[in-house]
Amino acid sequence: MSEMVVEVVRSGFVESVHRARVHVIGADGAPVLVCGDTSSLASPRSAVKPLQALAMVRAGLPLEDELLALAAASHSGEPFHIDGVRKILAGAGLDETSLRCPEDLPLDEEERRRVLREHGDARRILMNCSGKHAAMLATCAVNGWPVDDYRHPGHPLQRTIRATVEELTGERVAATGVDGCGAPLFFVSMAGMTRAFRALTLAPAGTPERRVADAMRAHPEWTSGTTRAETLLMRAVPGLLVKSGAEAFDSFADAEGRAGAVKIVDGGGRARVPVTVAALRAAGIDAPELAGLATAPLFGGGAPVGEVRVRPA
């Protein structure tokens, strides 16, 4: 099937167009919607974090609940996120000087303004991946692995994560790159990511897979932020697991094993949530609250003048 089309409509005119690749499977694991080439290599970016967290839990990472959700997070840099990162590091006998993610400002606009207003500066702990990096350091501490080069693809931690990604996607990692945070980025297919998320939510209770999925679903604000779309989606649909990645990539699965992956071809983030809602509905997952996320508003002069929407069939 051809790629899904997303229209940017301003004042009644289609101003721009995005295209999306979508892979959705039903509860039986069979495809129910495939748009575009979803079997070729893709860059899931931070959508792979639940798999990274799973590998760390299997390797002995001693986190539960909110802090485990934070280990799989692309957090907004809100105060509770930063406090959580410090707790993870302190539990491993480390502090933020051990982090090797880049310096950054919070994703949350209010927190970013506060930091700048108080004459603060970009810091590693404020970077959205600092929860994952703190968890990586904690996993190294538990296993006696070196902490200075934990991002290197040949490090025992990264070899463990790669093996876990291959196991859950059912694919060999065809290429390894560098993610925005400096950690290895493993290239797999959208179909593989869909299988992996399905495996997380269908695993028996108490297993490492379900511990990760359940922590994220119970504490979605810890995996993203209090106002982020992933939190809104998981709050709207009980049992839904959603994780986004840079360049407009989403993966999801629910308690029944319905799952999918979304990639906006040009990386346009404004099209991501409307396409994800369309993918959820294609899987048979819906809730009244999703109606407000099916389109994204477009503004002119501070007032709504249009929307970003999936082109009607």
* Binned Cα-Cα distance frequencies in the range 192-313 - 10 Å width, integer % -> 14, 44, 32, 8, 2, 0
* Residue by residue through the range 84-96, which ³J(HN,Hα) values in whole Hz follow from phi under the Karplus form 6.51 cos²θ - 1.76 cosθ + 1.60 (θ = phi - 60°), with glycine and proline marked x? -> x, 4, 4, 5, 4, 5, 4, x, 9, x, 10, 9, 5
* Asked: Of all DSSP beta bridges in the range 180-313, what percent run antiparallel (nearest 5)?
  -> 100 percent
* Structure fact -> In debye to the nearest 20, the charge dipole size for the range 73-115, taken about the Cα centre with +1 at each Lys and Arg Cβ and -1 at each Asp and Glu Cβ, equals 140 debye
* **Using θ = phi - 60° and Karplus 6.51 cos²θ - 1.76 cosθ + 1.60, couplings along the range 102-107 (whole Hz; Gly, Pro as x)** => x, 6, 7, 9, x, 5
* **Point-to-point label distance, Thr97-Asp266, nm (Cα→Cβ direction, 7 Å offset)** => 4.7 nm
* Structure fact -> Residues meeting the amide H criterion for Leu298 (H placed from the backbone, H to H distance under 5 Å, 5 or more places apart or on another chain) are Val305, Gly306, Glu307, Val308
* Asked: Percent of accessible area on the chain owned by carbon and sulfur, 1.4 Å probe?
  -> 52 percent
* To do: Show the residues, 5+ positions off or on another chain, whose built amide H is closer than 5 Å to the amide H of Asp104.
  => Arg123, Arg124, Leu126, Met127
* With +1 on each Lys and Arg Cβ and -1 on each Asp and Glu Cβ, how big is the dipole of the range 229-313 about its Cα centre, in debye rounded to the nearest 20? -> 140 debye
* **Simple spin-label estimate for Arg159 and Glu289 in nanometres, 7 Å along Cα-Cβ** => 4.4 nm
* So what's the angle, to the nearest 10 degrees on a 0 to 90 scale, between helix 156-169 and the longest Cα principal axis of the chain? -> 30 degrees
* Asked: Under a 1.4 Å probe, what is the accessible area of the chain per residue, stated in Å²?
  -> 40 Å²
* Given H placed on each backbone N at 1.01 Å, which residues far from Asp179 in sequence or on other chains put an amide H within less than 5 Å of it? -> Leu185
* Structure fact -> In vacuo Debye sum over C-alpha of the chain, base-10 log of normalised intensity I(q)/I(0) at q = 0.09 Å⁻¹, listed in q order, is -0.43
* To do: For the chain, find the longest principal axis of its Cα atoms and tell me its angle to the long axis of helix 208-218, 0 to 90°, nearest 10.
  => 60 degrees
* To do: List, in order, the whole-Hz ³J(HN,Hα) value for each residue of the range 19-32 obtained from phi through the Karplus relation with A = 6.51, B = -1.76, C = 1.60 and θ = phi - 60°; use x for Gly and Pro.
  => 10, 10, 9, 9, 10, 10, 10, x, 4, 8, x, 7, x, 10
* Structure fact -> Each label sits 7 Å from Cα toward the beta-carbon; between Glu118 and Ala255 the label points are separated, in nm, by 3.9 nm
* Structure fact -> With +1 at each Lys and Arg Cβ and -1 at each Asp and Glu Cβ, the charge dipole magnitude of the chain around its Cα centre, to the nearest 20 debye, comes out at 400 debye
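Mean residue ellipticity at 222 nm from the helices of the chain, using -39,500 (n - 2.57) per DSSP H segment of n ≥ 4 over the full residue count, to the nearest 500 deg cm²/dmol? Let's see the in-between values first.
Details: 11 runs with 114 residues, N = 313.
The per-residue figure over the chain is -11000 deg cm²/dmol.
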* Asked: What does a probe at Ser11 reach in the range 289-313, counting residues whose amide N is under 19 Å from the point 7 Å along Cα→Cβ?
  -> 297-309
* What angle do you read, to the nearest 10 degrees and between 0 and 90, between the alpha-carbon axis of helix 272-282 and the longest principal axis of the chain? -> 70 degrees
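Enumerate by residue number the GluC sites (Glu not before Pro) in the range 141-174 meeting two conditions: DSSP loop (anything except H, G, I, E, B), and at most 10 other Cβ atoms within 10 Å of the site's Cβ.
Counting only loop positions with at most 10 other Cβ atoms within 10 Å, none of the GluC sites (Glu not before Pro) in the range 141-174 qualifies.
What does the extension gain come out to for Glu307 and Ala174, with contour length at 0.36 nm per residue minus their alpha carbon separation?
Fully extending the segment from Glu307 to Ala174 adds 44.1 nm.
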* Asked: How would you classify the range 19-145 from its alpha-carbon gyration tensor, with a ≥ b ≥ c the square roots of the eigenvalues: rounded for a/c under 1.5, else prolate if a/b is greater than b/c, otherwise oblate?
  -> oblate
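The values are calculated or read from the model by the stated rules, or taken from the named source; none is laboratory data. This is a predicted model, so every value here is computed, not measured. Neighbour counts run over all protein chains shown; Cβ positions are idealised from the backbone, glycine included. What goes into the accessible areas is simple: the full protein's heavy atoms, side chains included, and nothing from ligands, DNA or RNA. Shrake-Rupley method; radii C 1.70, N 1.55, O 1.52, S 1.80 Å.
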